[in-house]
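Just so you know, all these numbers are worked out from the coordinates, no wet-lab data involved. Here the structure is a predicted model, which is why all the values come from computation and not from measurement. For neighbour counting, all protein chains shown are included, and Cβ atoms are generated from backbone atoms with ideal geometry for every residue, glycine included.
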Amino acid sequence: MPITAIAQNLKAPKVFPSYAPADDEVMIFEHAYRNCLPVLIKGPTGCGKTRFVEYMAARLGLALHTVSCHDDLSASDLVGRHLVNASGTYWTDGPLTRAVRHGGICYLDEVVEARKDTTVVLHALSDDRRILPIDRTGEVLEAPPEFMLVVSYNPGYQHLLKGLKPSTRQRFISLAFGFPEPAREIDIVITETGVDHTIAKHLVTLANALRSTANHDLEEAPGTRLIVDAAKLIATGCPPQTACRAAIVECLSDEPEITKALMVVVNAIFAHS
Amino acid sequence: MEEQVGIAWHKLINRLATRRYPDESVALSDISTPVGILFRALGGDHGVAIQAGGSILNHAKRSLLERLAGSERKVELAWVDHQALQLPAVIDSFPTQRLNNELYLWLAALSATSLPPQQTWLARNQNATRLIIQRFPGMAAIYRRLVAAEILRRGPTSRLPPDEAQQEQAIRDALHEPGSISVLPHARRAHQPILLWLRPDILTSASLPPQKNQDQASRESSTTQSDKKRRMAEYTEMPERKGGLLLFRPESIFSWSEYAKIEHEAQENEDEDLAQAADDLDTISITRDSRNIAKKLSMSLDLPKAASALPPLNDGKMLPEWDYKTRTLKPDQCRVNTIPLTDVEPCALPEHLKRDQQRLKRQFGALQPVRQRLKGQPDGNDIDIDAYIRHISHQNETENRFYIDHRNRERDLSCLLLADLSLSTEAWVGDNQRVIDVIRESLFLFAETLTTTLDQFALYGFSSKQRTDVRVHTLKAFDEPYSDIVRGRINGISSAYYTRMGAAIRHATEILARQKTRERLLLLLTDGKPNDADHYEGRYGIEDTRKALIEARQQGLRPFCVTVDQEAHEYLPHIFGKSNFIIIRKPSELPARLPLLYALITR
C-alpha cells in the first residue's frame, strides 16, 4: 500500500495545522509510522518540531498525546498511577498508557529534560517488542499499529550531562530540524500571520542576522516562533521596531547592553518611517 | 614629486582638520558592543576582534603621512582582515553625533559583507554598498544620510582643477549610485579619502590609468599582474603581531602609489628606484612583483613563520594542532612533556587560608551527596500519612499526593582544573600579589572545596615553549588523594614561558575523558589569550583553542573558562561560547570566587 493511501484511509482531521515541509521529513515520518518505528526529532527552539508532529498527527488521522517534559517528570507521570478517593484507590492511565491503549501519537517534547528513569520506560516500547509493562497493575500492554512514539529534544541546550543515552537514541528514526530556508520561512510567516511579503522578508532577514550572532553574543538563536509572534503584533498594527523589540529582542537577552545592540540590528533592517 | 604631494597633502589635511567636530565625536569604546553585534549579525566572522585602528594606522601610515603632509593628522579608514575589524578610535568628521555614530554602524556593515576578493577596491566598496542597501532598508536610510554628509564634507567641486573635479564627480556618482562607476578618471592629484568606504588594500586595476586597463595588447602582462595580486593577497593573511609594534600592511604601498601616482608599470622592474622608494618610505619596502623583495620584507618584518613549513614531530607524546587557514587538523604538531613534580616538600595549607577553608567547608557541605526524603509526592515508596489525614479531614478530592519518595541527590561529577602557568602570570595585580599567587591560592581553596563535596578532581598546570615543549605539570591526578604532597606541589608552582592552550586542552581532554562519571567538567584558569613564541598567536591560537574545545565537547566534556584578563570579552565568546566563561574583574577575588563559581556551574 503506498504511503499516501495510508493517509487517505484514515479519517480526515477537522483542522489541518499548516506546515511547510523543509525536505523529505513527511515521507520519512510516514514510512516510520508504517513500519511501527519510533521517531526522534532534534532541532533548536522554535524551529517547528511540535508543529510538525501536530501536522503529521492530523495527516495520519491519529490522536496526539503531547507531554512537555520537565526535570521532575517521573515514569508514573507517563504511565499512570493509583489515586485515592472516598471509596478507595483507583488507577488512572498516564498519557503514554492512554496512547498505547487507544492508539495515536505520544509526543514527548524536550525528552532530555525528564528524569533519567523516565526514558527507561520507553525502551520496551521503542524496540520491536512494542510493549508497555505496567508494574503497579501487573498489566503488559501491547501497542497497536496505530500507536507511535515521537520524542524531541534540543541539542543546543548545554546542560551538564543532559543528553540522551546512546541506548535510548539508537532505538529511534531520527530527523534533524534546522531553521527553514529564507524563502520557506517567509512563506511560513505570511501563512501564519497574513503580514505582507516585505514585512515577512525583513523579519526573516532579521532572524537570520540574529542567528549568526548566536553562541557569541546570544545564548540561543531566535526560532521561527519568535518572528511569527513579532509578525502577529505587526499584523494587528504594532510598529515593526516595537514589535521586534517586544517579541524578539527582549526574549533573547536580559542584558541591557545586548538588547540595545540588538535593536541596532533591528533598525538596520527596518527603516524608521 | 614628493614635495608637491606633500604640499597637496598639507593643504588637504589642513582642510580636513578644519572640518572636524570634536564636540560631536563618538568613540569606538562607547559603541563597540552594537558595532560588534551588527558586524556579526550581518555576516561578519565571529573570530574577528573589533579594534580601534587609529594607532595601527598611525604606525602604518604615519611616516608616510608625516613625510607627505608634514602633519600628524591621521586619515582613519576602516579595515577588516582575518584578525580584526579596525575602526577609527574616534569619529568626529560629521557635524552631528548621530551621523558619526551611524558612520560606525555603516563601516561595520560594510566590513561584514563578504565579496569575492579579486574585485577591485572601487568595485568592492560599491558592490558591498549595493548589497547592504538592497538587503537592509534601515542601513539604506543611514547610508543616504551619510552620503549627503560626506559630500558636504568633501566641499564643492568647482574649486578643483578639471581633472580632479572629474574624478571627484565620479566618486560622488559612485556614492550616490553604487555600482555605476567602474573606473575612476585619472587625476594628477589623489582624491580625498572616502570615509564611507573601506581602506584600499592591494594594488588594484582601478588605480591604474584607464588606457592601460583597456589595452588589449598588454593582456600578457595583465595576467602576470593578477597572479602577483593573488600572492600579495595571501601575504596579507599572514598572522600579524598584535600591539603597537611595527605593523606594516602591503596596502600601504597602495597609499603611496595612490597619492604619489608614480608610474608603477615603468618603475616596478627597476631595483634601484625601488630601493630609493623603499628608503623614502622608512621601514616599508615592497613592490607589486619581485619575489626577492617580498622575501626580504618577510625577514625584516619578522613575520611569523608559516605553520605549514613545520615538519611533524615524531618522538614523545604528540598532539595535533588546528590550522584555521587550511581548515585541517595537522597531526603530531606539538610535543607534550608531562612533568610529574615528584621531589616536592610536603606542606600544610597556608595559615592565612585556614579561615577560608572553614567557611568553604560549611558552605559546601550542603553539596555532599545525600538521600532526600520528599513528602507529599504523587508517587513514592512510602505512604505520607500526614498528607492522607489532611486529605480525609478536608474532604479535598483534588489533593492526591500521599507518598513519600526517597531520592538521591547525587553528584556524579569529576572536574579537571587546568591552570595557566605562563610567564604573564608574573604580572602584579595588587601591592603584594602576582597573578601566579592568586592562582596558587585559588588552587588551594578549590582543592579544599572539592574535598568537601566529594567530587573527583585533578589539578594540572601548563606552560609552553614553542610546539616542541608543551609542559603539563601534574599537581594532582584523579587517583591521588589530596594530601600534603599535593599541597606541596601547589605551593611550588611557578610561571614560565607561554600559553599554548590548544595542546594543553587536548591533553587534559584525554585525561578527563577517561573518567567514568556522568558529568565531566574541564575548568580552565587563565590570564590571557593563547599564544606562544612561534606562529601560535592571534587568530591561529584562538582558532586552535576553539577547535580543541569543540573536540572536548564532542567527547562529552563540559569546558568552562575563568579568566582575569579584562579584555577577554573580545575573544572568549568565540572560543568558549557565550555562557561558558567568566571574567573576574578583581583578580584578588579569584580564590574566594572560584569555589562559588564551581558550585554555580555544577548545580
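Summary table below
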quantity: Virtual paramagnetic centre 7 Å along Cα→Cβ of B:E510, amide N under 19 Å, in the range B:433-477; calculated: B:458-477
quantity: Simple Cβ-charge dipole of the range A:150-273, Lys/Arg +1 and Asp/Glu -1, about Cα centre, in debye nearest 20; calculated: 500 debye
quantity: Surrounding net charge for B:F462, when Lys and Arg each add one and Asp and Glu each subtract one, Cβ distance under 12 Å; calculated: +1
quantity: Spin-label proximity, A:R184 to the range A:25-41 - amide N less than 12 Å from point 7 Å beyond Cα toward beta carbon; calculated: A:25-27
quantity: Efficiency of FRET from Cβ geometry, B:Q363 and B:L115, R₀ 51 Å, rounded to 0.05; calculated: 0.35
quantity: Amide H contacts of B:R558 (H built 1.01 Å from N, under 5 Å, at least 5 apart or other chain); calculated: B:R520, B:L521, B:L522
quantity: Residue range of chain A that is longest and free of trypsin sites (Lys or Arg not before Pro) which are both DSSP loop and sparsely packed (at most 14 other C-beta within 10 Å); calculated: A:137-273
quantity: Rounded to 10°, Cα long-axis angle of helix A:182-193 versus longest principal axis of chain A; calculated: 80 degrees
quantity: Added length on full extension, which subtracts the Cα-Cα distance from 0.36 nm per residue, B:L596 to B:S25; calculated: 201.3 nm
quantity: Sorted by Cβ density within 10 Å, fewest first, the residues B:W428, B:W106; calculated: B:W428, B:W106
quantity: GluC sites (Glu not before Pro) within the range B:421-519, DSSP loop, no more than 10 other Cβ atoms inside 10 Å; calculated: none
quantity: Filtered GluC sites (Glu not before Pro), the range A:181-242: DSSP coil and at most 16 other beta carbons within 10 Å; calculated: A:E219
quantity: Cα→Cβ-extended label distance, 7 Å offset, between B:R159 and B:K354, nm; calculated: 8.0 nm
quantity: Segment B:L152-B:L423, length gained on full extension (0.36 nm per residue, minus Cα span); calculated: 92.3 nm
quantity: B:A533 paired with A:T92, simple spin-label distance in nm, labels 7 Å along Cα-to-beta-carbon; calculated: 7.3 nm
quantity: Chain A: most fluctuating residue of A:L262, A:L218, A:L96 per GNM, C-alpha cutoff 10 Å; calculated: A:L218
quantity: Dipole magnitude (debye, nearest 20) for the range A:3-176, charges at Cβ of Lys, Arg, Asp, Glu; calculated: 80 debye
quantity: Whole-angstrom gap from the range B:97-140 to the range B:505-538, using each part's C-alpha centre; calculated: 38 Å
quantity: Antiparallel bridge percentage (DSSP; both residues within chain A; nearest 5); calculated: 35 percent
quantity: Gain on full stretching of the segment that runs from B:H569 to B:I389 - 0.36 nm per residue minus C-alpha separation; calculated: 59.1 nm
quantity: All-pairs alpha carbon distance profile, the range A:182-269, 5 Å steps from 0, percent; calculated: 3, 17, 30, 26, 16, 7, 2
quantity: Fraction of alpha-carbon pairs over 31 Å apart in chain A - percent; calculated: 37 percent
quantity: Descending semi-axes in whole angstrom, ellipsoid equivalent of the range A:43-184, from the Cα gyration tensor; calculated: 28, 18, 15
quantity: Across A:K165/A:K232; B:K361/B:K529; A:K260/B:K578; B:K529/B:K578; B:K330/B:K529; A:K49/B:K375, pairs whose alpha-carbon gap is larger than 27 Å; calculated: A:K165/A:K232; B:K361/B:K529; A:K49/B:K375
quantity: Nitroxide proxy distance, nm - points 7 Å out along Cα→Cβ at B:K330 and B:S180; calculated: 5.0 nm
quantity: Average partner coverage of A:201-210, which counts Cβ from other chains inside 10 Å; calculated: 3
quantity: Label point at B:K375 placed 7 Å out along Cα→Cβ; residues across the range A:70-106 whose backbone nitrogen lies under 18 Å; calculated: none
quantity: Packing-based exposure ordering (other Cβ within 10 Å, fewest first) of B:M139, A:M27; calculated: A:M27, B:M139
